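> Quick one: this structure, given as structure tokens, is what I'll be asking you about.
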Amino acid sequence: MLVLESEMTLTGVDAREVTDFMVDCDDARYRAWWPGTHRAFHLLETAPAGDHVGDVVWMDERVGPRHLRMAAEVVELVPGERVAWQLRPRRVRVPVKVALTLHENGTGLRLRHTLTAGWAGWGKVLDPLWRLYFTPEFAIAMDMHARTEFSRLRDLLHAGGSERPA
């Protein structure tokens with residue numbers, strides 16, 4: 001299994017704001033988050049239960065020199081704690097997940113951004129193939145991307161002032 005992980009501490013934003021934003025984002029707010037890098041992030045399909053798990057979103061962004069476009073399904077949501085998406089090109093899930101894990105502590109909000117790629121069972125023998133796409137250069141670019149984008153989130157969520165909404 002391949003794991004690319006970035007951890008950072010954010011201030012001025014709480015965990016619930018982050019998970020709510022990530023499951024209710026639209027193209028305009030996504031582009032405003034990081035103009036020129038974030039291109040699209042919107043709902044393609046709504047989950048029948050209405051709790052966002054099963055929602056399918058379209059993501060379009062630049063990570064370093066790569067232009068990433070993908071459909072992904074929300075596979076886990078614990079508001080204020082965790083949200084995870086599994087890539088779903090051509091309506092078929094592939095073993096690639098992106099997850100945000102959040103923990104509030106005395107110094108701010110600890111955020112972990114994790115990208116995992118790999119199969120379970122016999123498919124593990126194919127895991128080295130992921131390294132052809134998720135190169136060391138991509139890992140560096142993804143880490144820089146995650147650190148930059150999440151450092152910008154407070155300003156987007158609290159545009160016009162530093163106070164949190166009631």
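> Does residue 9 satisfy the criteria of being hydroxyl-bearing (Ser, Thr, Tyr), surrounded by fewer than 15 Cβ atoms within 10 Å (Cβ to Cβ) and within 19 Å of residue 144 (Cβ to Cβ)?
yes
> Which of the residues spanning segment 119-136 are surrounded by 12 or more Cβ atoms within 10 Å (Cβ to Cβ) and either aromatic (Phe, Trp, Tyr) or touching a strand residue (DSSP E or B) at 6+ places or on another chain (Cβ under 6 Å) (or both)?
Hits for segment 119-136 are 119, 130, 134.
> Residue 74 fails exactly one of the following numbered conditions: (1) under 13 Å from the mean Cα position of the chain (by Cα); (2) in a loop (DSSP other than H, G, I, E, B). What is the number of that condition?
Single failed check for residue 74: (2).
> Starting from segment 18-29, take each residue that is touching a residue at least 12 places away in the same chain (Cβ under 8 Å) and list its partners that are among the aromatic types (Phe, Trp, Tyr) and outside any helix (DSSP H, G or I), counting only C-beta distances under 8 angstrom and pairs at least six apart or across chains.
25/41; 26/41; 27/41
> Could we say that residue 60 is without any contact (Cβ under 8 Å) to a residue 60 or more places away in the chain and part of a loop (DSSP other than H, G, I, E, B) here?
No.
> Scan segment 79-117 residue by residue and report those that are touching a residue at least 24 places away in the same chain (Cβ under 8 Å), part of a strand (DSSP E or B) and either under 17 Å from residue 47 (Cα atoms) or among the small types (Gly, Ala, Ser) (or both).
83, 85, 108, 117
> Mind checking which residues of segment 67-90 are farther than 17 Å from residue 48 by Cα, touching a helix residue (DSSP H, G or I) at 6+ places or on another chain (Cβ under 7 Å) and aliphatic (A, V, I, L, M)?
70, 71, 83
> When residues of segment 11-41 are filtered for being more than 10 Å from residue 156 (Cβ to Cβ), in a helix (DSSP H, G or I) and not charged (D, E, K, R), how many remain?
The number of residues fulfilling the criteria is 6.
Yes or no, residue by residue, for (1) hydroxyl-bearing (Ser, Thr, Tyr); (2) closer than 30 Å to residue 35 by Cβ:
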site	(1), (2)
80	no, yes
96	no, yes
106	no, no
116	yes, yes
127	no, no
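> Looking at (1) over 14 Å from the mean Cα position of the chain (by Cα); (2) surrounded by fewer than 16 Cβ atoms within 10 Å (Cβ to Cβ), which one does residue 69 not meet, given that it meets all the others?
Here residue 69 meets the rest and fails (1).
> Being under 14 Å from the mean Cα position of the chain (by Cα), aromatic (Phe, Trp, Tyr) and under 16 Å from residue 69 (Cβ atoms): is that true of residue 21 here?
No.
> So, one more: Among the candidates 37, 101, 107, 19, single out the residue that is among the polar types (S, T, N, Q) and surrounded by fewer than 14 Cβ atoms within 10 Å (Cβ to Cβ).
Every option except 107 fails the conditions.
> Here are some residues: 61, 45. Which one is among the acidic types (Asp, Glu), farther than 20 Å from residue 142 by Cβ and touching a strand residue (DSSP E or B) at 6+ places or on another chain (Cβ under 6 Å)?
It is 45.
A short reminder: the numbers here are calculations on the coordinates, not readings from a lab. What you see is a predicted model; the values in this text were computed from it and never measured. Positions of Cβ are generated from backbone atoms using ideal geometry, with glycine treated the same way; all protein chains shown enter the neighbour counts.
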